[in-house]
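This report concerns only the one structure given below.
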Amino acid sequence: MFGYVQTARGSADLQRAEIVKTVGAVPIFSDEGISGATAGADRPGLRELVAELQAGDEVVVWRYDSLGRTPEALRAAIGLVNAKGATLRSLTEPPAEELFPMMFTMAADV
């Protein structure tokens with residue numbers, strides 16, 4: 001299990017603290033000061049996270065918009081995680097497959 005936090009402005013400390021409080025001490029990758037509209041492959045923290053992922057791993061985020069602020073950025077990030085056989089979980093939102101069924105179908109084709 002891994003955590004991922006992202007914020008374009010300010011600190012991601014709240015996101016980090018909530019992940020630790022909910023799932024315990026897990027490696028948390030971050031992209032602070034980088035826009036969520038930036039493509040996933042252009043975010044160093046997300047790239048490092050994806051490099052560590054193995055099939056069956058779970059990525060925990062505070063909210064899915066940490067993965068992408070635009071449909072394209074979100075789809076790319078979901079594709080990167082899915083391509084490794086990992087799953088996503090938000091601490092504050094329903095399962096990603098329920099919220100973004102089309103993105104999961106398209107990401108599977110990436």
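Scanning region 68-93 for residues that are outside any helix (DSSP H, G or I), over 9 Å from the mean Cα position of the chain (by Cα) and within 14 Å of Ala55 (Cα to Cα) gives Lys84, Gly85, Ala86, Thr87.
The numbered conditions (1) within 10 Å of Val5 (Cα to Cα); (2) touching a Phe, Trp or Tyr at 6+ places or on another chain (Cβ under 7 Å); (3) modelled with pLDDT of 90 or more are all true for Arg16 except (2).
Considering only residues in region 2-59 that are among the polar types (S, T, N, Q) and part of a loop (DSSP other than H, G, I, E, B), the one that is surrounded by the fewest Cβ atoms within 10 Å (Cβ to Cβ) turns out to be Gln54.
The values are calculated or read from the model by the stated rules, or taken from the named source; none is laboratory data. In this text, all values refer to a predicted model and were calculated from it rather than measured experimentally. Neighbour counts are summed over all protein chains in view; Cβ atoms, including those assigned to glycine, are modelled from backbone coordinates with ideal geometry.
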